[in-house]
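Undergrad: The structure under discussion is supplied below as structure tokens; questions concerning it will follow.
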Amino acid sequence: MKKNRTWLRGAALLILVLLPALLLFYTGYTLPRQLNRLEREIQRQLKYSEISADIYHLTTSVQEYILYGDEQALNNFRHYIAQTEKKELELYNLAEQSRKQDIAELMTLTRTYRSFVEREVVPLKKFNDRDNRELLLWQYRDLTRQLVYRADSLAGAGRQENKTALEHAVALLNIKGLLMVILSLLSLGAFGGGYMTVRPWLARHLYLGTLVRDAAKAVIFIDRKERVQDINPAAENLFHLSREAVMGKSLGEILLLYPHLQNIVQPLYHALWQKERITDYRLVFTWKDARITLGVDCTPIHFLHKIAGAVLVARRTSEPEDGNILLDTIERERKRLSIEIHDWIGRYLSSIIHGLDYVLRVNGERLPGEVQENLLMLRTQCQNAAVDMRSIMNDIHPYIIEKVGLIPALESYSANFERMHNKKVYIFYHQRSLHLPREKEILIYRIVQEALTNVARHSQATEVDIHFTETNDNLQIEILDNGGMQETTPVPGKGLWGMKERARLLGGDLVYGFMEGGFAVTLTVPLVKGGK
């Protein structure tokens, strides 16, 4: 009997030892496969996004060629169509069998679009028939709508597959982690005191592991008492930290040593105490003169249904992937609206004015005096409407920047501002031509435009001075009115917030406040990307 009990205890001990080992082996075998699948899904999603962006650029180029006959726009189209077809083929090779048919249809539609442009749109310059041009515009819009819809549908389906794969991988990790913990606790049940020691070790190494340590993304793990339990080398390099200086310290202690981490620790606090997962949270990390845009994911870690800590994963994001692409899209849409106004409303107004001129020139002497006077008044009103329409077009999109540059465009806008608001605007500069990309000139134009709008709405000023000053590697733009001092600083509204946001996207800084004589807005923009 005693021998049987000894055998049973030995068998139970063997099972408790072997089961965790077998489960660990199985996890080590299946986890890389899950990660590889997730990596393939991410690669496919990146291809979807790149194809959607290229299709947007190529369709915009075709529109510009149809409207203006710009040869550079045609060259841009051929560049983007070649990129799109190459990436579609790469996506077809990466995609699973169930998605290949949809991608093949997109490839066919892309080839049809290219054939339409080369056979129908390119010879456009040989025809001056307005009906032909209108027909081509109709065909272009129909094909563009089909192409964009197909690309967006595939991208949306790709995002859903990516999300499903990620949720599946996380769920699998949670299930395997829970089973591993239960079996480990059973095998170590005789050592009750070892439970408190094993728990942080499992929470750290089970969810991070050696793969995280070698990852290119920055990873920080904290426990439920806000103490840093692990950081990987990528986090040390990105955040300029020392592993020895932060290990075991609380977030509060770390902020005393590294104040520049204020934006970084906020998502960790949120994930730990709100128990909510944060994905693709965008923030700006500042270190000395450099400003880096980061994408952050922060996940709370649960252990036996209780919060055990949180993991932060941060990655660099390039400028076009953050808010800059949103503003670029907005400006392109504004440009499209400006073109529509010019081509349709402007054309009708011009026809009316020419018709009135013809009637007055041919039949003016035979018309009664009152009729002739009314026609002249109508022509004047149409001419004023055309002037106002050009002003509205310039507010929607500063198309003049593309022709003459930032400062001449601001001089044109200021002249119209003076006429409408009876406030003088003076622009001071050393060089009339600034060495800035066109996208940055548009952002600066919008900031100055908003500053002048605030002067018109909120100030009693009669004059506004705009100073352009280049110092070292920075361009400083100061907008100062003579509206007098006030005791309280204005509460920031949407206008000032929008100016600050555009300054951030420029990689610069914007400050405002009352100075001697009036209110001042000062924008500082680095002339070299990334600052000095």
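Undergrad: Considering only residues that are farther than 15 Å from L496 by Cβ and basic (K, R), look in segment 425-454 and name the one that is most open to solvent (accessible area, probe 1.4 Å).
TA: Among residues in segment 425-454 that are farther than 15 Å from L496 by Cβ and basic (K, R), the one most open to solvent (accessible area, probe 1.4 Å) is R432.
Undergrad: Could you grab me the full set of residues in segment 360-388 that are open to solvent by less than 50 Å² (accessible area, probe 1.4 Å) and closer than 28 Å to S412 by Cβ?
TA: Scanning segment 360-388 gives C382, A385, A386.
Undergrad: Only one of these is in contact with a Leu (Cβ under 9 Å, 6 or more places away or on another chain), within 13 Å of N454 (Cβ to Cβ), buried (at least 17 other Cβ atoms within 10 Å of the Cβ) and modelled with pLDDT of 80 or more: G518, G483. Name it. Give the derivation first.
TA: Details: G483 fails: in contact with a Leu (Cβ under 9 Å, 6 or more places away or on another chain).
Exactly one residue qualifies, and that residue is G518.
Undergrad: Say whether the condition of being in contact with a Gly (Cβ under 8 Å, 6 or more places away or on another chain) and at pLDDT below 70 is met by at least one residue in segment 125-139.
TA: Yes, that holds for at least one residue.
Undergrad: In addition: Could you look through segment 87-125, keep only residues that are within 19 Å of S153 (Cα to Cα) and without any contact (Cβ under 8 Å) to a residue 12 or more places away in the chain, and pick out the one that is least open to solvent (accessible area, probe 1.4 Å)? Even if it seems obvious, please write down each step before you answer.
TA: Pass one, segment 87-125, residues within 19 Å of S153 (Cα to Cα): 87-113.
Okay, now just the ones that are also without any contact (Cβ under 8 Å) to a residue 12 or more places away in the chain, so 93, 96-98, 100-101, 108.
Working: N93: 110, E96: 86, Q97: 144, S98: 90, K100: 34, Q101: 115, T108: 70 Å².
Among those residues, the one meeting the criterion is K100.
Undergrad: Within segment 431-475, track down each residue that is among the acidic types (D, E), in a helix (DSSP H, G or I) and over 21 Å from G405 (Cα atoms).
TA: none
Undergrad: Being at pLDDT 85 or above, among the charged types (D, E, K, R) and not in a loop (DSSP other than H, G, I, E, B) narrows it down to one of E501, E478, so name that one. It would help to see each step written out before you state the result.
TA: On the way: E501 fails: at pLDDT 85 or above.
Result: E478 is the single residue among E501, E478 that is at pLDDT 85 or above, among the charged types (D, E, K, R) and not in a loop (DSSP other than H, G, I, E, B).
Undergrad: Does V491 satisfy being at pLDDT 85 or above and surrounded by fewer than 17 Cβ atoms within 10 Å (Cβ to Cβ)? Walk me through how you get there before you give the answer.
TA: Working: at pLDDT 85 or above: no; surrounded by fewer than 17 Cβ atoms within 10 Å (Cβ to Cβ): yes.
Here the answer is no, as V491 does not meet what is asked.
Undergrad: Considering only segment 420-467, how many residues are among the basic types (K, R) and either in contact with a Ser or Thr (Cβ under 6 Å, 6 or more places away or on another chain) or under 23 Å from F519 (Cα atoms) (or both)?
TA: Residues that pass the stated criteria total 4.
Let's see how each residue does on (1) without any contact (Cβ under 8 Å) to a residue 12 or more places away in the chain; (2) open to solvent by less than 50 Å² (accessible area, probe 1.4 Å); (3) closer than 27 Å to T524 by Cβ:
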| site | (1), (2), (3) |
| --- | --- |
| L238 | no, yes, yes |
| V246 | no, yes, no |
| H260 | no, yes, yes |
| W273 | yes, no, no |
| D297 | no, yes, no |
| P300 | no, yes, no |
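Undergrad: On to the next question. May I ask you to list the residues in segment 400-419 that are over 32 Å from the mean Cα position of the chain (by Cα) and without any contact (Cβ under 8 Å) to a residue 24 or more places away in the chain?
TA: Residues of segment 400-419 over 32 Å from the mean Cα position of the chain (by Cα): 415-416, 418-419.
Residues satisfying the conditions are A415, E418, R419.
Undergrad: Could you tell me how many of the residues in segment 459-475 are in contact with a Phe, Trp or Tyr (Cβ under 8 Å, 6 or more places away or on another chain) and open to solvent by 70 Å² or more (accessible area, probe 1.4 Å)?
TA: Within segment 459-475, residues that are in contact with a Phe, Trp or Tyr (Cβ under 8 Å, 6 or more places away or on another chain) and open to solvent by 70 Å² or more (accessible area, probe 1.4 Å) number 1.
Undergrad: Right, next: Report whether or not S414 is of a type outside the set (A, V, I, L, M, F, W, C), outside any strand (DSSP E or B) and at pLDDT 85 or above.
TA: Yes, satisfied.
Undergrad: To continue, here is another question. If I go through segment 301-324 residue by residue, how many of them are of a type outside the set (G, A, S) and either over 18 Å from I231 (Cβ atoms) or at pLDDT below 80 (or both)?
TA: Result for segment 301-324: 12.
Undergrad: Shifting gears a bit: So, in segment 200-232, exactly how many residues are of a type in the set (A, V, I, L, M, F, W, C) and at pLDDT below 60?
TA: 5
Undergrad: To continue, here is another question. Is it the case that segment 506-513 has a residue that's in contact with a Lys or Arg (Cβ under 8 Å, 6 or more places away or on another chain), surrounded by 14 or more Cβ atoms within 10 Å (Cβ to Cβ), at pLDDT below 90 and part of a helix (DSSP H, G or I)?
TA: No; the residues of segment 506-513 include none that is in contact with a Lys or Arg (Cβ under 8 Å, 6 or more places away or on another chain), surrounded by 14 or more Cβ atoms within 10 Å (Cβ to Cβ), at pLDDT below 90 and part of a helix (DSSP H, G or I).
The values are calculated or read from the model by the stated rules, or taken from the named source; none is laboratory data. Here the structure is a predicted model, which is why all the values come from computation and not from measurement. Virtual Cβ from ideal backbone geometry, glycine too; neighbours counted across all protein chains shown. In case anyone asks, the SASA skips ligands and DNA or RNA and just uses the protein heavy atoms, side chains included. Shrake-Rupley method; radii C 1.70, N 1.55, O 1.52, S 1.80 Å.
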